[in-house]
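The values are calculated or read from the model by the stated rules, or taken from the named source; none is laboratory data. Note that this is a predicted model, so its numbers are computed, not measured. A quick note on method: Cβ atoms are made from the backbone with ideal geometry, for glycine too, and the neighbour counts reach across all protein chains shown. Note: areas computed on protein heavy atoms with side chains; ligands, DNA, RNA excluded. Shrake-Rupley method; radii C 1.70, N 1.55, O 1.52, S 1.80 Å.
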Amino acid sequence: MDISVVGAGYVGLVTAVGLASIGHNLVCIDIDEDRVDLINRAESPFYEKGLDEALRTCVREKANLRASWDYDEIINTKVTYICVNTCSDSGENADFSHVRQSARRIGETLAGKEGYHIVVMKSSVVPGTTEEIIAPLLEQYSGKRVGKDLGVAVNPEFLQEGKALHCFLNSDRIVVGEYDRRSGSFVEEIYNGFRAPVLRTGMRTAEMIKFASNAFLATRISFINEIGNLCKKLGIDVYEVADGMGLDPRIGRAFLNAGIGFGGSCLPKDLEALLKQYEKMGEKSAVLSAVAQANKSQPEKIMEIVGRRLGKLSDKKIAVLGMAFKPDTDDIRNAPAIETVRQLLHEGARVRVYDPKAMQKAREIFSEDIQYGDGVADTIEDCDCVLILTEWDEFKDENLYSGKIVIDGRRALHPEKARRICQSYEGVCW
Ligand code: UDX
């Protein structure tokens, strides 16, 4: 099928490469000309495991994926996915202005197309957005009628950064929120050959499935972090508790790794957006408000430990290992490491940072305020204390930290082994 994807960011490019990998013909539309050039040269504009290789295959060997800044390319396709980002410029709150703008441009372009076309919302938008805002905008600017010569559907993504392409190609579910049966069947056909169950719902239900899923994952993390904070005081290992809980099939072990909290472009933003939706509807969520609040407080635990170990931080040398919000990505949006580094600097510490992939992004935030190490050994040399804030594989060898004071925010090290090798070892909640 000929498919266009508007927005060649993280979700858009992974979706396009995924759809091209299963044989569809893809054109990515993006207003950023540099990004378009990169994609056409088969280079991914951001780091994501396996994406470069898959992009090369689609662009060079199969020749079924290309990029363009020209919206008119949409006309020669049957389906258009909206995959523009929903982050505000500060990266903190959901902002749907890009989604609205792309709907308008798609509508204007479709005004010049004969025949049926379907628009699929993949960006995460709060329940009701596609029905109340996007569909009317498409109608207004295309002059077409939704349900007649225009189809609309919601097809949320459940991609985890670091293994996004794998998540796409091995989806555990395909949720299709449909305006009408015709729209839903069209989208279902795109995923022919996937083994995942297909759930067909209304559009606002599909939007809610995405938000509720992310809110639930966030809830599990804040829950286990709070259990961890208590376990630490009681001398209990929260990871053993999580293993025990996880054996109950009603609970499961996933997303019960305690630490300094969740970050990234989705969980914090979607949680905030959902809380705003509660407010807008005159409702309250005691649970989700607490989840957000608990996550904001969790990085403070690291600062408490540093203070207890080192006393006043002025002129103390602190090595920070890991800036990305999780391993296998260069994404530092809402990473707990950012707030921790800010607090360290605020207290006068001298901070030296190392991350295998996110150094450039860290430089964009902290520029001259901190030093940048070259590998683990170089970063921790002569430091008063090491903080591990992302569990990258290359940080996981306890022998690297012989004689050091190590505070682990992610359970990167094995506690018993680390206690034997380090001068001292403490976890954020173990
Ligand atoms: C998330 C959802 O998992 C995905 O389905 C959705 O489409 C987008 O948002 P992502 O943001 O890539 O994906 O990251 P995820 O792997 O979910 O991790 C989010 C954060 O939670 C990270 O900071 C991670 O370190 C943290 N986390 C995760 C924990 O602190 N403990 C855990 O047990 C799991």
*Classify the range 1-114: rounded, prolate or oblate, from the alpha-carbon gyration tensor (a ≥ b ≥ c, eigenvalue square roots; a/c under 1.5 rounded; otherwise prolate if a/b is larger than b/c)?*
oblate
_If I model a spin label at Ile365 and Glu43 as a point 7 Å from the Cα along the Cα→Cβ vector, what separation in nanometres do I get?_
2.6
*Counting each DSSP H run of 4 or more residues in the chain as -39500 (n - 2.57), what helix-only mean residue ellipticity at 222 nm follows after dividing by all residues, to the nearest 500 deg cm²/dmol?*
-12500 deg cm²/dmol
*Under 16 Å from the Met1 label point (7 Å along Cα→beta-carbon), backbone N, the range 48-88*: 74-83
*asked:* At 1.4 Å probe size, with the rest of the protein present, what percent of the exposed accessible area of the range 82-207 is carbon and sulfur atoms?
replied: 43
*asked:* Tell me the per residue accessible area of the chain using a 1.4 Å probe; a whole number in Å² is fine.
replied: 45
*Gap separating the Cα centres of the range 71-133 and the range 189-240, nearest whole Å*: 26
*Once Rh is set to the Kirkwood radius over Cα pairs, what Stokes-Einstein translational diffusion coefficient, in µm²/s, holds for the chain at a temperature of 25 °C and a viscosity of 0.890 mPa s?*
106
*Please work out the C-alpha center-to-center distance from the range 331-376 to the range 304-321 and express it in whole Å.*
15
*Please list 9-20, 328-339, 62-73 highest first by mean number of surrounding beta-carbon atoms within 10 Å per residue.*
9-20, 328-339, 62-73
_Rounded percent of accessible protein surface that carbon and sulfur make up, the range 296-367, 1.4 Å probe_ = 45
*Counting only C-alpha contacts under 8 Å and six or more residues apart, can you give the relative contact order of the chain as a whole percent?*
11
*Given the pairs Lys49/Lys316; Lys144/Lys210; Lys233/Lys417; Lys357/Lys396, which are separated by over 24 angstrom at their Cα positions?*
Lys49/Lys316; Lys144/Lys210
*Give the peptides 33-43, 242-252, 258-268 in descending order of average Cβ contacts within 10 Å, highest first.*
258-268, 33-43, 242-252
*asked:* Is the C-alpha gyration tensor of the range 271-366 telling us rounded, prolate or oblate? Criteria: a/c under 1.5 is rounded; beyond that, a/b larger than b/c is prolate, otherwise oblate.
replied: oblate
*Once you have a ≥ b ≥ c as the square roots of the Cα gyration tensor eigenvalues for the range 126-283, tell me rounded if a/c is under 1.5, and otherwise prolate or oblate according to whether a/b is larger than b/c.*
prolate
*Could you give the size of the charge dipole of the range 41-90 about its Cα centre, using +1 on the Cβ of each K and R and -1 on the Cβ of each D and E, expressed in debye and rounded to the nearest 20?*
240
